[in-house]
Amino acid sequence: MSHSHYKPDTQSITGGHDPAEHQGSLKPPIYETSTFVFETAEDAKSYFKSVYALDESAPKEAAGYIYSRLDSPNLKPAEHRLAMWEGAEDALIFNSGMSAISTVMLEFLRPGDTLLYSAPLYGGTETLIKKVVAPLNVETRSFGPADTADDIAVDERVALVYVETPSNPTNDLFDLEIAASIAKGCGAPLAVDNTFLSPIGQQPLAHGADISIHSATKYLGGHSDLTAGAVAASADLIDSLRHLRYRIGTTASPQTGWLLARSMETLRLRVDRQTENATKLAAYLDEHPKVAEVRHLSLLNPGDPGFDIYKRQCLSPGAMISFALEGGEPEVFRFLNEMDIIQLSVSLGGTESLASHPWSTTHSTVSPDDKRALGIGPGLVRFSVGIEDSGDLTNDLEKALTAV
């Protein structure tokens, strides 16, 4: 059943699954097994040649399955649907967002290379770069949202350009066309963390990126009931990453793949509602006297930093709001402890609204001076807006702000 000519909204429902191949099951069944049986010894030999790239003439993707650490039928629907949303040739599902990022970095970086990356980043990615990548004798070099191409130091040792846009947690935008030009000039791939906007709000491959990465735990999963990562790219890049995924065991479980495929059926519906709510709440917060600053892409105006990038690069403003309260940590803690509907949690992208304090949680491993330099102050709140009634969310914010 080929639905490749249909739009992603349709393929999110039907793509990557053929009932005729699964006893007529309308939805993909869960293949909760660790190992698969070969029909013949010749099949086993052929599969291993493909999986471990032992024969260049063998198919790039095995015709069957061997072991669920390597691959599973339950990953295919989710991978197909993500590829369609991202405008990519193929995609891969991993067991977490950090495993997807780690696999990409391990694929392209070697001792003596340089990693060029945007800052700020999600705290886990920042820690990976400083505590794992840098000690492998990889030079790590960051650039900020205000830096132009002339400001960014490049040389022939740059082996990977890594950009997170909008950035976590400040909502800074980075120009992917500039990043793509730098990467191309170095002969390096450009990888983009697209978690904050999801493919509903941004499609990096259309702006020169080679790889789009997601913490699929967030908007792609969207129900706070799975942990997964995802990568979308060309068939050749996915083939290389697939073989590395085989070797280091970063493959998602069958149950995770099944849940993710289910969630992607409602991706646009959820993200559209979350974005609508976030736009209303950002406007409310922007007028509140106890809020010093609000960062949501809907509030950008001509002449603002990032406005031109937003109009050119983004499809919607998304549902992530960063705002700073007058004061600092004590005021933020009073605010967070007074919330009722909005839950205090460090994840994002789920159906429920979540708020957190990056200074003391997700970016607690970053030094205070570095956090301030990146725009992450002790008064900053990261707010992931859910699908609840916007009026109820506004009232909850008002009640919590009264305690500040």
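Here, each number is a calculation from the coordinates, and none is a lab measurement. Small disclaimer: the values here were computed from a predicted structure and weren't measured. Because the Cβ atoms are built from the backbone with ideal geometry, glycine has one as well, and the counts that use them run over all protein chains shown.
Packing here is the average count of other Cβ atoms within 10 Å per residue, and on that basis the peptides 82-89, 65-72, 136-143, highest first, run 82-89, 65-72, 136-143. Label reach from Tyr284 (point 7 Å along Cα→C-beta): in the range 320-342, amide nitrogens under 12 Å belong to 340-342. Residues in the range 283-299 carry Karplus couplings, in order, of 5, 5, 5, 5, 9, 7, x, 8, 9, 7, 7, 10, 10, 9, 4, 5, 8 Hz; the curve used is 6.51 cos²θ - 1.76 cosθ + 1.60 with θ = phi - 60°, and Gly or Pro positions show x. With an 8 Å cut-off on Cα pairs and a minimum separation of 6 or more residues, tell me the relative contact order of the range 319-375 in percent. So the answer I get is 20 percent.
Full extension of the chain segment joining Tyr67 with Lys399 gains 114.3 nm, where the gain is 0.36 nm per residue of separation less the Cα-Cα distance.
Each peptide in 168-175, 369-376, 128-135 gets a packing score, the mean of other Cβ atoms within 10 Å over its residues, and the list from highest to lowest is 168-175, 369-376, 128-135. Remark: relative contact order (the chain) = 17 percent; criterion is Cα-Cα distance under 8 angstrom and separation of 6 or more residues. Per-residue packing, averaged as other Cβ atoms within 10 Å, sorts the ranges 245-253, 156-164, 90-98 into the order 90-98, 156-164, 245-253, beginning with the highest.
Taking 0.36 nm per residue of sequence separation and removing the Cα-Cα distance, the Ala41/Asp147 pair yields an extension gain of 32.4 nm. Based on Cα contacts under 8 Å between residues 6+ apart, the range 346-404 shows a relative contact order of 42 percent.
Other residues lying with their Cβ under 11 Å from the Cβ of Arg312 contribute a combined charge of -2, Lys and Arg counting +1, Asp and Glu -1.
Given R0 = 35 Å, the distance between the Cβ atoms of Glu352 and Ala53 translates into a calculated FRET efficiency of 0.25. Projecting the Cα positions of Gly377, Ser96, Leu160 onto the charge dipole of the chain (unit charges on Cβ atoms of Lys, Arg, Asp and Glu, taken about the Cα centre) puts Ser96 furthest along the positive direction. From helices alone, the chain scores -10500 deg cm²/dmol at 222 nm; the rule is -39500 (n - 2.57) for each run of n ≥ 4 DSSP H residues, then divide by the residue total. A Förster radius of 41 Å combined with the Cβ-Cβ distance from Lys27 to Thr127 puts the calculated FRET efficiency at roughly 0.60. With 0.36 nm allotted per residue and the present C-alpha distance subtracted, the His243-Glu89 stretch has 53.8 nm of extension available.
Summing +1 for each Lys or Arg and -1 for each Asp or Glu among the other residues whose beta-carbon sits under 12 angstrom from that of Leu260 gives +1. Taking the DSSP beta bridges with both ends in the chain, the antiparallel portion is around 60 percent.
Using the Cβ-Cβ distance between Ser367 and Ser345 with R0 set to 22 Å, the FRET efficiency from 1/(1 + (r/R0)^6) comes to roughly 0.35. Taking 7 Å steps out from each Cα toward its Cβ at Asn137 and Asp389 produces label points 6.3 nm apart. For a test of the definition: using alpha carbon positions, the gyration tensor, and the 1.5 limit on a/c, classify the range 307-404 as rounded, prolate or oblate. Oblate, because a/c is 1.5 or more while a/b does not exceed b/c.
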